[in-house]
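In what follows, a structure is listed as structure tokens, so that the remarks can point back to it.
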Amino acid sequence: MALHIIGGTVVDVILPRVSRIPLWPEHTEFTSSNLTLLPDAPITTLGGNGGNAAYVAGRCGAKVILHTRIARDAMGQLARGWLTAAGCRVVTKGRVSATAVNVTAANQRLGRATFFYPGEPVELPGRLTACSHLLACGWPHPAPDKLAQQLASAHREGARTAIDIGPMLGRVPSLVAMTSVWAVLDVLLANEHELGRLTRGGDLATAVRRLRKRFAGHIVVKRGADGVSWWPEGESVAMEFAPPRVVAVNTVGAGDSFNGAWMAAWQASGDFATALRYANRAAATVVKSPQGVLGVRPPTLRAR
């Protein structure tokens with residue numbers, strides 16, 4: 001049985017420790033205002049909500065099938081090579097004109113300024129075979145009714161279903177509009193900002209309370225250096241999971257890496273809490289690595 005992941009794949013170019021963003025000039029020459037010298041070499045790594053999660057899940061020992069959009073261009077060859085080396089099977093429907101690329105400048109505080117070519121939207125694959133767990137993630141998000149059909153198809157085959165609602169860009173559906181999704185969803189993953197936008201809740205407690213009125217499954221909120229909050233299925237009180245303390249080099253892809261490690265560990269152990277602890281440790285290795293997601297170091301899976 002395999003983990004199936006639906007989501008975008010991107011090549012990330014990350015510029016660390018950028019002191020300032022250059023200004024637009026009125027000419028084509030280099031000047032002190034339109035040129036910023038970088039103190040460190042750029043990080044070229046795998047990106048995309050689907051690609052990152054699939055790569056990490058594969059590195060953590062899972063059998064992974066990634067449904068994504070990768071072209072046969074130079075960037076696509078990089079991305080496909082990384083994923084294949086991690087043991088992932090990549091499925092792309094039809095011809096893709098160009099692979100998605102993300103260029104992010106990060107300052108000393110890990111704040112980001114980003115240029116993103118999104119490529120082409122991922123097509124939902126329909127019926128899946130030999131699927132134990134399904135994760136749908138990435139922007140643009142499928143329409144709620146289309147997403148519900150995909151999740152329902154997986155449910156009928158006995159799979160556990162999860163969605164990560166980030167990133168929240170553009171128009172956000174209401175909780176009522178997502179009713180068909182809630183009926184066939186086991187796990188919702190998000191960060192605090194994303195959950196607040198989905199629920200129109202001003203703080204985390206309000207957001208979870210509003211979501212719980214509609215959705216009875218597991219809620220996992222990723223909180224960066226503060227770890228993870230988990231509301232088990234049907235519960236209104238969270239369990240907290242603190243992450244290892246590390247010196248952060250780059251936070252791009254940390255949440256996606258968490259998703260992939262969590263899925264792999266949940267499939268392997270069958271225990272939700274064990275999987276969350278494992279994912280925290282795996283994501284910490286990404287945050288402290290100058291290689292980004294490619295620097296993940298899968299920890300030992302141990303029950304507690």
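Structure summary
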item: Order by protection proxy (mean Cβ within 10 Å, highest first), peptides 103-115, 60-72, 119-131; result: 60-72, 119-131, 103-115
item: Neighbour-limited loop hits for GluC sites (Glu not before Pro), the range 186-295 (at most 14 other Cβ within 10 Å; DSSP other than H, G, I, E, B); result: 233, 235
item: Prolate/oblate/rounded call for the range 188-282, Cα gyration tensor, a/c under 1.5 rounded; result: oblate
item: With Cα atoms, 0 to 90° folded angle of helix 272-287 axis to the chain main axis; result: 0
item: Listed residues 54, 284, 41, most fluctuating in the chain (Gaussian network, C-alpha, under 10 Å); result: 41
item: The chain: angle of helix 49-59 to the longest principal axis, Cα-based, in degrees nearest 10; result: 80
item: Dipole magnitude (debye, nearest 20) for the chain, charges at Cβ of Lys, Arg, Asp, Glu; result: 480
item: Interchain or long-range residues, amide H under 5 Å from residue 239's placed H; result: 230, 231
item: Nearest-20 debye value, the range 17-168 charge dipole, Cβ charges on Lys, Arg, Asp, Glu; result: 540
item: Percentage relative contact order, the chain, counting C-alpha pairs under 8 Å, at least six apart; result: 17
item: Anchor residue 93: lysines whose Cα lies under 19 Å away (excluding residues fewer than 8 positions away in-chain); result: 146
item: Eligible aspartates and glutamates near residue 222 by straight Cα distance, threshold 20 Å, same-chain separation 8 or greater; result: 164, 186, 192, 194, 203, 233, 235, 240, 256, 271
item: Dipole-positive endmost among 273, 205, 24 within the chain (Cβ charges, Cα centre); result: 273
item: Cα gyration tensor, the range 80-225 - rounded (a/c under 1.5), prolate or oblate; result: oblate
item: Residue order, fewest to most surrounding Cβ atoms within 10 angstrom, among 92, 36; result: 36, 92
item: Least to most buried among 239, 178, 75, 263 (fewest other Cβ within 10 Å first); result: 239, 75, 178, 263
item: Max mean-square fluctuation residue, GNM over the chain, Cα-Cα springs under 10 Å, options 21, 163, 219; result: 21
item: Calculated Cα Rg over 2.2 N^0.38 Å (choose from (i) 0.99; (ii) 0.94; (iii) 1.05), label; result: (i)
item: Neighbour-count ranking [beta-carbon atoms within 10 angstrom, fewest first] of 278, 117; result: 117, 278
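Read-outs throughout are calculated quantities, based only on the coordinates presented, and are distinct from any laboratory measurement. Just so it is clear, the model here is predicted, and its values are computed rather than measured. Neighbour counts run over all protein chains shown; Cβ positions are idealised from the backbone, glycine included.
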